[in-house]
1. Within the stretch 219-255, how many residues are of a type outside the set (Lys, Arg), assigned to a loop (DSSP other than H, G, I, E, B) and crowded, with 18+ Cβ neighbours inside 10 Å?
2. Scan Gly43, Gly101, Gly117 and give me the residue that is of a type outside the set (A, V, I, L, M) and under 19 Å from the mean Cα position of the chain (by Cα).
3. Identify, please: which residue in the stretch 256-272 is of a type outside the set (Val, Ile, Thr) and surrounded by 14 or more Cβ atoms within 10 Å (Cβ to Cβ) and is, among those, nearest to Ser306 (Cα to Cα)?
4. Give the residues of the stretch 20-30 that are free of Cβ contacts under 8 Å to residues at least 40 places away in the same chain and open to solvent by 60 Å² or more (accessible area, probe 1.4 Å), sorted by residue number.
5. List every residue pair whose Cβ atoms sit under 8 Å apart, with the two residues 6 or more apart in sequence or on different chains, where the first one lies in the stretch 178-192 and is without any contact (Cβ under 8 Å) to a residue 24 or more places away in the chain and polar (S, T, N, Q) and the second, anywhere, is assigned to a strand (DSSP E or B) and surrounded by 13 or more Cβ atoms within 10 Å (Cβ to Cβ).
6. I'm trying to understand the selection: among the residues of the stretch 287-309, which are under 18 Å from Arg124 (Cβ atoms) and open to solvent by less than 50 Å² (accessible area, probe 1.4 Å)?
7. Within the bounds of the stretch 73-85, is there any residue that is of a type in the set (Asp, Glu), within 21 Å of Tyr52 (Cα to Cα), crowded, with 19+ Cβ neighbours inside 10 Å and modelled with pLDDT of 95 or more?
8. Out of the residues in the stretch 190-215 that are within 22 Å of Leu163 (Cα to Cα) and part of a loop (DSSP other than H, G, I, E, B), state the one that is least open to solvent (accessible area, probe 1.4 Å).
Amino acid sequence: CTSGCLASSNVPEPEMLASRRGTVIPPHHPAWKAGVPRDNGAGWDFEDVRDYYLRVLFGVDPVELRSADLERYYAVSRVVSGELMLRVFAEWRRKESTCNGGLVWFWKDLRPGAGWGLLDSEGRPKAAYWYARRAWASQAVYISDEGLDGVALHVHNESAETLAGSVEIELLKQGRHRAAFATRAVVISPFESETFSGEAMLGSFADITYAYRFGPPRHDVVVARLRGEDGKLIYEDAWLPHGMERVRLPTSELAASANIQPDGRVVLRLLSAVFVQAISFSVRGYEADDAYFSLCPGSPREVVFSPVGTPIAFKVHVGALNLDGTVTVRG
C-alpha cells in the first residue's frame, strides 16, 4: 500500500464554517480555496477529487448542487469523504486482501478550512473522523459489493477473545419494509476474519446488488448486523445499492428524547421506523460520543453527550441527509 493515502478535502462542521466569516463561504471564494490542499503545479485540488466521488456515490452533479443549494452541497460532501474512507478500509480489511493498511493524511488541519484532517484546526471532529473510527472497529461487519455474486459480509474480530454471536442480513424496501432477512451463528477466533455470502445466507436468489435487473428493484437498503452471544448489537453496516441520494423524509419520522444523567451527561435516544441516513448533531457546550451513523428501522441508538466547560442547558439539533429539516431536543 502507499505511505500516504485517502487524502481528501474533508469539509468541517457548520460551526467552523460560520465562525470564519459569520456566513457560509462558497467553494469558489479565495478564502475557501486557501484551506483546500493541492499539489504544487497540478491543475486540480483535492476538492475536485471529492467532487468526483460525490458524483459517483450520489449521482448528482456537484457544480449544479453547490450552485443551487450550498449548504446541501457541504452536507453531502462531508459524508462523501467519510463513506470513501469507510469503504476503502473495509476492502483492505477483508480476509482476501493483500493490502496491510494505509495512512490517512492528516489527523488535524493546519489551518481553518476543508483540509486533509479528520479534525478541524481547532480539534473538533469532522464527519470523516466518525467514519474512520467505525472503519477501524476491532469487532465489526462490513458489506462489499461483489457484482453478479451479490454482497459479501466481512466479519472481523481483532481482539484477544473469541467472538461468539451471530451475523444478520436484512433487505429493506423503501427503507422501511423488510423484504428479506437471514441470520447465522458465527464463532470467530481472536485476530481472525470470516466472509459470508449474502445470497447464500438468504438461501435464494435476491439480486442484492441489482446486477441482473430482472424487473424493478425489490429493495433499496442492505443492512448487516453483528450481534454478541447475548443478542446485543455490536456493529451495524448499511449499504445503498442504487446510490446514496434518497428522498427527503419529514422530521416526524425520527423520534428523539434526552435523559440527563446525575453526572451531567445527557443520553439521547433515537428511534425511527424508516432508514435515516448519516445523522449529525449541532449542539453547544456538549460533545457527542458518536455521529454520522445511519439509523435502521426498529434499531434504536443511544448517543451520550458530555458537557464541555461550565454546564449549560442541553439543546441539540438532530439532522440527517434524508431528513427535511432538523429535530430539536432539549434536556
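The values are calculated or read from the model by the stated rules, or taken from the named source; none is laboratory data. Note that the coordinates shown come from a computational prediction; the quantities given were computed from them, not determined experimentally. Virtual Cβ from ideal backbone geometry, glycine too; neighbours counted across all protein chains shown. Keep in mind that these areas ignore ligands, DNA and RNA; they rest on the heavy atoms of the full protein, side chains included. Shrake-Rupley method; radii C 1.70, N 1.55, O 1.52, S 1.80 Å.
1. First pass over the stretch 219-255, keeping only residues of a type outside the set (Lys, Arg): 219-224, 226, 228-231, 233-245, 247, 249-255.
Subsequent filtering for residues that are assigned to a loop (DSSP other than H, G, I, E, B) retains 219-220, 229-231, 240-245, 247, 250.
When the remaining residues are screened for being crowded, with 18+ Cβ neighbours inside 10 Å, the result is 219-220, 240-241, 244.
The number of residues fulfilling the criteria is 5.
2. Working: Gly43 fails: under 19 Å from the mean Cα position of the chain (by Cα); Gly101 fails: under 19 Å from the mean Cα position of the chain (by Cα).
Answer to the selection: Gly117.
3. Of the stretch 256-272, the ones of a type outside the set (Val, Ile, Thr) are 256-259, 261-265, 268-272.
Narrowing further to those that are surrounded by 14 or more Cβ atoms within 10 Å (Cβ to Cβ): 256, 258, 265, 268-272.
Values: Ala256: 17, Ala258: 13, Arg265: 5, Leu268: 11, Arg269: 14, Leu270: 17, Leu271: 21, Ser272: 24 Å.
The extreme case among them is Arg265.
4. Initial filter on the stretch 20-30 (free of Cβ contacts under 8 Å to residues at least 40 places away in the same chain): 21-23, 25, 28-30.
Once the filter is applied, which keeps residues that are free of Cβ contacts under 8 Å to residues at least 40 places away in the same chain and open to solvent by 60 Å² or more (accessible area, probe 1.4 Å), the stretch 20-30 yields Arg21, Gly22, Thr23, His28, His29, Pro30.
5. Between residues of the stretch 178-192 that are without any contact (Cβ under 8 Å) to a residue 24 or more places away in the chain and polar (S, T, N, Q) and residues that are assigned to a strand (DSSP E or B) and surrounded by 13 or more Cβ atoms within 10 Å (Cβ to Cβ), the close pairs are Thr183/Ser166; Thr183/Val167; Thr183/Glu168; Thr183/Ile169.
6. Restricting attention to the stretch 287-309, the residues satisfying the condition of being under 18 Å from Arg124 (Cβ atoms) are 287-293, 303-309.
Across the stretch 287-309, the qualifying residues are Ala288, Asp290, Ala291, Tyr292, Phe293, Val303, Val304, Phe305, Ser306, Pro307.
7. Looking only at the stretch 73-85, we keep the residues that are of a type in the set (Asp, Glu), and these are 83.
Adding the requirement that they be within 21 Å of Tyr52 (Cα to Cα) leaves 83.
Still in the running and crowded, with 19+ Cβ neighbours inside 10 Å: 83.
Subset that is modelled with pLDDT of 95 or more: 83.
Within the stretch 73-85, one or more residues are of a type in the set (Asp, Glu), within 21 Å of Tyr52 (Cα to Cα), crowded, with 19+ Cβ neighbours inside 10 Å and modelled with pLDDT of 95 or more.
8. Taking the stretch 190-215 and keeping what is within 22 Å of Leu163 (Cα to Cα), we get 190-198, 200-201.
Restricting the remaining residues to those that are part of a loop (DSSP other than H, G, I, E, B) gives 190-191.
Values: Pro190: 47, Phe191: 135 Å².
Residue satisfying both the conditions and the ranking: Pro190.
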